[in-house]
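Read the structure below first, then the notes.
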Amino acid sequence: MKSYLFIGIDISKATLDVSIFTSSAITDIHYQQFSNSTKGFLQLLKWLKQKCEGISIEDWRACMENTGMYSLELNCFLQEKGIWQSLENALQIKRSMGVVRGKTDKADCQVIARYAYRFFDKLKQYVLPSVTLLRLKALFSQRERLVSMHSQLLVGNQSMKGYPKELVKDIQKQNEGLLKSLALQIKVADKSIMECLQADDELQRKSKLIQSVPGIGQQTAAYLLIVSRGMESFATAREFACYSGCAPFEHTSGSSIRGKTKVHFLANRKMKMLLHMAAINAITFNDELKAYYQRKIAEGKKPMSVLNAVRFKLICRIFSVVKRNEEFKKEYQRKAA
């Protein structure tokens, strides 16, 4: 029987806690801690080669939680060395543990290694996104920070209107200067995002197709391309609707529990918010969706339920235009049967 080396990595900003064992000796667990840096990665690789018991590097299975930027450098290193890796949802790993008392980094990395062994057949290999998508993600995150700072300063400036003018005049003047600077930086970020999309012909094509759907703007299109890896990670619109919190689920059991069918809180909330704003934009300015919304409200449907249906319609249209490689058309000519 083929042997595998299972590697569980618990990642923090400064350190990597690593536990390993082979499929032929699952109780013989080795543990070591390394720094989360290039030097630490090289030490980790050297240690793995010493403890792998002759198992080839192609049969190593590294598993870790998705920690965003903390794991990015390690992901790049492992991919460069040809080491198979999987990024798993932290909540999914936690719920696989059963009843646990206490918590340490050493115990956590052992749990991750055991998770990789137990769900070996369900693990999906993680491959880094393209350089353009990584750049786009960094630019989008920077824009989000700038918008957040602008909003905080704007609210702070408005809250000072109740103070006597002579007490806060200098503060308001300083804030106004910062607001102008941040507004300019947000425009620069928008331009950088546009240039990043234009640098990749495929992403530019898909972005243009997505933005042809009524209600979808540049920011929604950019973030959608980021989370879907250029519209390659989700096979169907329904899968993406589930990911973005637009798919309703039943809540029933036996004869006593008859909960409402509703969307689940486990979703990408940023994507859900952007789709929500797109849906509001669509029912405001698009005649077809505006008429649909008003008709459903007249039928007695709840506003948020109808808005969720509009969100799903937008998702279906996005996937359709990308699949067909054809911009959205308001009117389609029906062919005779």
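The values are calculated or read from the model by the stated rules, or taken from the named source; none is laboratory data. Given the structure is predicted, the values throughout are model-derived calculations rather than measurements. Cβ sites come from the backbone with ideal geometry, for glycine too, and all protein chains shown count toward neighbours.
If I filter segment 115-166 down to residues being under 17 Å from the mean Cα position of the chain (by Cα) and among the charged types (D, E, K, R), which single residue comes out as nearest to Tyr223 (Cα to Cα)?
Within segment 115-166, the match that is nearest to Tyr223 (Cα to Cα) is Lys137.
Any chance segment 254-261 includes a residue that's surrounded by 15 or more Cβ atoms within 10 Å (Cβ to Cβ), of a type in the set (A, V, I, L, M, F, W, C) and free of Cβ contacts under 8 Å to residues at least 40 places away in the same chain? Full working, then the answer.
Within segment 254-261, the first condition is being surrounded by 15 or more Cβ atoms within 10 Å (Cβ to Cβ), and the residues that meet it are none.
So far as segment 254-261 goes, no, none of its residues is surrounded by 15 or more Cβ atoms within 10 Å (Cβ to Cβ), of a type in the set (A, V, I, L, M, F, W, C) and free of Cβ contacts under 8 Å to residues at least 40 places away in the same chain.
Just to check your reading of the model, which residue among Lys180, Lys173, Lys169, Lys191 is within 26 Å of the chain's Cα centre (by Cα) and basic (Lys, Arg)?
Checking each option against the conditions leaves just Lys191.
Could you say which residue among Arg101, Arg95 is over 23 Å from the mean Cα position of the chain (by Cα) and exposed (fewer than 14 other Cβ atoms within 10 Å of the Cβ)?
Selected residue: Arg101, the only one of Arg101, Arg95 that is over 23 Å from the mean Cα position of the chain (by Cα) and exposed (fewer than 14 other Cβ atoms within 10 Å of the Cβ).
Are any residues in segment 190-204 surrounded by fewer than 19 Cβ atoms within 10 Å (Cβ to Cβ) and in contact (Cβ under 8 Å) with a residue 24 or more places away in the chain, and if so, which ones?
Result: Asp190, Ser192, Met194, Ala199, Glu202.
Suppose the filter is in contact (Cβ under 8 Å) with a residue 12 or more places away in the chain, surrounded by 17 or more Cβ atoms within 10 Å (Cβ to Cβ) and farther than 21 Å from Val321 by Cα; does Gly215 pass it?
On the way: in contact (Cβ under 8 Å) with a residue 12 or more places away in the chain: yes; surrounded by 17 or more Cβ atoms within 10 Å (Cβ to Cβ): yes; farther than 21 Å from Val321 by Cα: no.
Spelling it out, it is not the case that Gly215 is in contact (Cβ under 8 Å) with a residue 12 or more places away in the chain, surrounded by 17 or more Cβ atoms within 10 Å (Cβ to Cβ) and farther than 21 Å from Val321 by Cα.
How about segment 151-249: which helices (runs of 4 or more DSSP H) wholly inside it have at least 1 residues that are out of contact with any Pro (no Cβ under 6 Å at 6 or more places or on another chain), assigned by TED's automatic domain parsing to the domain that holds Asp287 and farther than 30 Å from Lys313 by Cβ?
none
Please work out which residue is surrounded by the most Cβ atoms within 10 Å (Cβ to Cβ), limiting yourself to segment 262-304 and to residues that are touching a strand residue (DSSP E or B) at 6+ places or on another chain (Cβ under 8 Å) and not charged (D, E, K, R). Quick ask: steps written out before the conclusion?
Filtering segment 262-304 down to residues touching a strand residue (DSSP E or B) at 6+ places or on another chain (Cβ under 8 Å) leaves 262-264.
Subset that is not charged (D, E, K, R): 263-264.
Values: Val263: 19, His264: 11.
In this case the residue turns out to be Val263.
When you check Cys63 against the structure, is it touching a residue at least 24 places away in the same chain (Cβ under 8 Å) and over 30 Å from Phe140 (Cα atoms), yes or no?
Considered against the rule, which asks whether it is touching a residue at least 24 places away in the same chain (Cβ under 8 Å) and over 30 Å from Phe140 (Cα atoms), Cys63 comes out as no.
So that you can scan it fast, the table gives a plain yes or no per residue for (1) modelled with pLDDT under 95; (2) over 14 Å from Pro214 (Cα atoms); (3) not in a helix (DSSP H, G or I):
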site: Ser255; (1), (2), (3): yes, yes, yes
site: Lys270; (1), (2), (3): no, yes, no
site: Leu275; (1), (2), (3): no, no, no
site: Ala279; (1), (2), (3): no, no, no
site: Glu288; (1), (2), (3): yes, no, no
site: Leu307; (1), (2), (3): no, yes, no
site: Phe312; (1), (2), (3): no, no, no
